[in-house]
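Below is one structure, written out as structure tokens, with a few remarks after it.
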Amino acid sequence: MPSGDEVSGPPEETPDPAPGREPGTQDAAGTARDAAGEPEDGTGEPGGDGASADTPAPRSRLRTRIAVGVSLLLILSLVVTLTVPAGRDSLRSLWCGLTGGVCPAEDLPPITEDEETDWRTRMGPEEAALWGNYVALGDSYSSGDGAGDYAPETAAAGGCWRSANAYAHLIDDEFDFAGSLAFYACSSHRGKEMVDELGTPDSQIERVTEHTSLVTLGIGGNDLGFIPVLRTCIVRMPLLESSVCTEQEEDVDKRMRHFEETLATVIAEIRDRAPDARVLVLGYPRLFPEEPPGMYYTLTTKNQLWLNGVAERFNERIRDVAYRADGDVYGSRQTGSVEYVNTFSALTGHEVSAEDAWLNGIVLGRFGEGLKVDRATFHPTAQGQMSIAERVRLQILEGPERVLYVSRETLERVDESLLHTELGGPLDPAHPPSDAPSESPREEDPVNEADG
């Protein structure tokens, strides 16, 4: 399913002032001439009547001009300092302190003596993600449904449809994790299921363990009912039922609000099990171009823009939940993180209506099943998964706009044998852990036949 918001970058550098005369420049020049002894009394002669004790205006103007000149020099120094990297950070810190403002991407102060003996240790973004196992959770957008090359035991009606082309495998190939990939994302899965299945062998969350260093989580599309929403928009009489798509707005917004609580619970449960992990929460990509060129099947341009808007608003809610969770983590001096990964524009130029689409278009069910939208509809292809993986890769490398911490005790204890044992099975991520029952297909749910 789809959408999002960009990870904010470092503050923009202040540009050099435009060439030309600044206000007051002429006054400053005049002041220099005065100091050289040029007439200033209006008489044409030095020490004329205009310089009498009864007329202090020239001296007052002189002081004003000196003040203006000094101000201009200070402003120029500020501009130069802001554009010179060596002094920008210290000046920015001074400015933030003087104004009481909150400056984005502020650096933390140097490590104090207390921090030297802290139970936590600072780590760079990449090393904070790689010291343990990587657990990939989510729905069909994370399992790779629609991208082909599925694990045979997952490729059946009601199965998880886990693809070798899914972004989780690409991330595992890209980085050198101390442990291995535990790939549990499952097509049709909901956040509500993640919560309801806690304590059972079917639970995705229960696969997260103490020595997990990275979790990717892409969930919510099925809680929102996005595929049924799409199906309602598509399977209708064109023109005669043109409003049935956007008439779903109220129900969609209600499900969005409800999912915020579900997502917060899922994140909390993951962090309970892996307090040192970086938890990357993914949004969903935009399905249609920003400016649709025309109708797509029965979807009008208005329908396409509305569906894009639904995905974007949903991403904003996902992002806000992740930010709030991370604020709690950092504010209470905990380890690990919760980070939002914006994938909304990951497929730009390759949406469903593009010639080189990275999304599967409308896929109808098999002949004889009636008018039914297949589960692979509007799901990323292998190329689409590569683009999503690139967003995840960058987030791993760049990290959040703050320092990351991991427990010293955790790092001292972890080793390959322990990581292997925690996964409960061989390091080969294609095999399920030994303590898990063999995966059996889910019962086909006719209401959610195209959920992903």
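Bear in mind that the values in this text are calculations on the coordinates, not laboratory data. Treat the numbers as computed from the prediction; the structure is a model and nothing was measured. Every residue, glycine as well, gets a Cβ built from its backbone with ideal geometry; the counts of neighbours run over all protein chains shown.
Count charges around Thr262 for me, please; just the other residues with Cβ under 9 Å from its Cβ, Lys/Arg as +1, Asp/Glu as -1.
The answer is -1.
Which of the chymotrypsin sites (Phe, Trp or Tyr not before Pro) found in segment 214-319 are loop residues per DSSP with 14 or fewer other Cβ atoms within 10 Å of their Cβ?
Passing both the DSSP loop test and the Cβ count: Tyr297.
How big is the Kirkwood radius of segment 252-314, worked out from every pair of different alpha carbons and given in Å to one decimal?
14.1 Å
Quick one: net charge around Leu170, please, counting Lys, Arg +1 and Asp, Glu -1 for every other residue with C-beta under 15 Å from its C-beta. Don't skip to the answer; put the middle values down first.
Working: positive: Arg162, Arg391, Arg393; negative: Asp149, Asp172, Asp173, Glu174, Asp176, Glu390.
For residues surrounding Leu170, the net value is -3.
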